[in-house]
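A short write-up of the structure that comes next.
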There are 2 protein chains.
Amino acid sequence: MTKTMDSNITDSEWEVMRVVWAQNKTTSKDIRDIIENKKNWKPATTKTLIGRLVDKGVLNTEKDGNKYIYSTNLKESDFLKSTLDQTFDNICNKDVGKIIADLISKSTLSFRDIEELEKVLEMKKEDAVDEVPCNCVPGQCNC
Amino acid sequence: MTKTMDSNITDSEWEVMRVVWAQNKTTSKDIRDIIENKKNWKPATTKTLIGRLVDKGVLNTEKDGNKYIYSTNLKESDFLKSTLDQTFDNICNKDVGKIIADLISKSTLSFRDIEELEKVLEMKKEDAVDEVPCNCVPGQCNC
DNA sequence: TTTCTCTTTTTACATCTGTGATCTATTTAC
DNA sequence: GTAAATAGATCACAGATGTAAAAAGAGAAA
């Protein structure tokens, strides 16, 4: 059930998607207005990105007079996961633990987050291994 | 001291860098031979990537007869961190805990890793907050 | 109904990426 | 010492990305 995202989105496109995810249904003007607080984009830029997302099938459109209402049925978390997977593909499995430790250290977490993580770790003990196997091609890591 | 990487590398370039990181000092032939086990690249492709990395100042060269010895003084972990930072820039701080939990769940970890993570979590309690503040631009998340 | 305004569609264009062919300067094997 | 194999340098080229202007269509205002 862990399907890999077939469509990737770029950083700029992500900016647009965040608005759609937060708003659920929205118009190009909404998107422009919201992003204006963050990026110095000309209106045309936002529209181009919206267009590309529609082309990729990431955004759905629904005509409303002379404009469109945009929405998506793809989940932010899935995109995020596929991005992270791609990043982790670049390193040795053996290092994953350390990386996660780094992430935790540098993140701002709530007490609830920590509790949750402790719970996950507890469960993780069930399928923990003695030694994480290296998954690298010989010569690309020194395990 | 947390300097943000000024130079970014692409996925293909990363493939080359992994060899350099693992080998410390290496030649273009070494790189080609090692990557051959993984990618169907023509020799010229590897050389192009090496050249780009040299241009970017990521790889150092040292002449040795008619060839070069390549090395780097940049750390894999720094590139990784900057890549991860960029990914986390795309989401709300509030969601970071959950994302990390997901990462843990899907990763293969050793008992030692888990212990280490528990330790980090324990320390993390010291600067944990009641509620992680949302860092998003209004309209880009529904906190 | 004419004009203005907003939306979409079309087109543009420089840079970055992935992938590789060629040409040139060396080396090394005969 | 000349031919074959290498290593590096130069050039190529299509597709992805970031960023945007220009054109065209449709509703709103006058």
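Since every read-out is calculated from the coordinates, none of them should be taken as a lab result. Predicted model, so just to flag it, every value in this text is computed and none were measured. No Cβ is skipped: glycine too gets one built from the backbone with ideal geometry, and neighbour counts run over all protein chains shown.
What does the C-alpha gyration tensor say about the overall shape of the protein assembly as shown? Classify as rounded when a/c is under 1.5, otherwise prolate if a/b is larger than b/c, or oblate. Numbers along the way, then the final one.
On the way: a/c = 2.08, a/b = 1.27, b/c = 1.64.
It is oblate, given that a/c is not under 1.5 and a/b is not larger than b/c.
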Q. From the label point of B:Lys56, set 7 Å along Cα to the beta carbon, how far off in nm is each other copy's matching point, shortest first?
A. 2.1
(Q) What whole-number distance in Å separates the alpha-carbon centres of the stretch B:1-61 and the stretch A:82-114? (A) 24 Å
**Q.** Pseudo-label separations to other copies for A:Asn37 - Cα-to-Cβ vector, 7 Å, nm
**A.** 5.2
(Q) Quick check on the exposure proxy: order B:Val137, A:Val132 from fewest to most C-beta atoms within 10 angstrom. (A) B:Val137, A:Val132
Q: Once every Cα of chain B carries one equal point scatterer and solvent is ignored, give the base-10 log of I(q)/I(0) from the Debye formula at q = 0.11, 0.14, 0.19 Å⁻¹, two decimals.
A: -0.62, -0.87, -1.14
**Q.** Residue pairs, from the table B:Lys25/B:Lys67; A:Lys94/A:Lys124; A:Lys98/A:Lys124; B:Lys47/B:Lys75, whose Cα atoms sit over 19 Å apart
**A.** B:Lys47/B:Lys75
Q: Return the distance in nm (one decimal) between the two label points of a simple spin-label model at B:Arg52 and B:Thr27, each offset 7 Å from Cα along Cα→Cβ.
A: 2.5 nm
**Q.** Nitroxide proxy distance, nm - points 7 Å out along Cα→Cβ at A:Asn8 and B:Asp78
**A.** 2.5 nm
Q.
What distance in nm lies between label points placed 7 Å from Cα along the C-beta direction at A:Thr45 and A:Ile69?
A. 2.9 nm
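Taking square-rooted eigenvalues a ≥ b ≥ c of the alpha carbon gyration tensor, is the stretch A:1-70 rounded, prolate or oblate, where a/c under 1.5 means rounded and, failing that, a/b exceeding b/c means prolate?
On the way: a/c = 1.80, a/b = 1.30, b/c = 1.39.
Since a/c reaches 1.5 but b/c is at least a/b, the shape of the stretch A:1-70 is classed as oblate.
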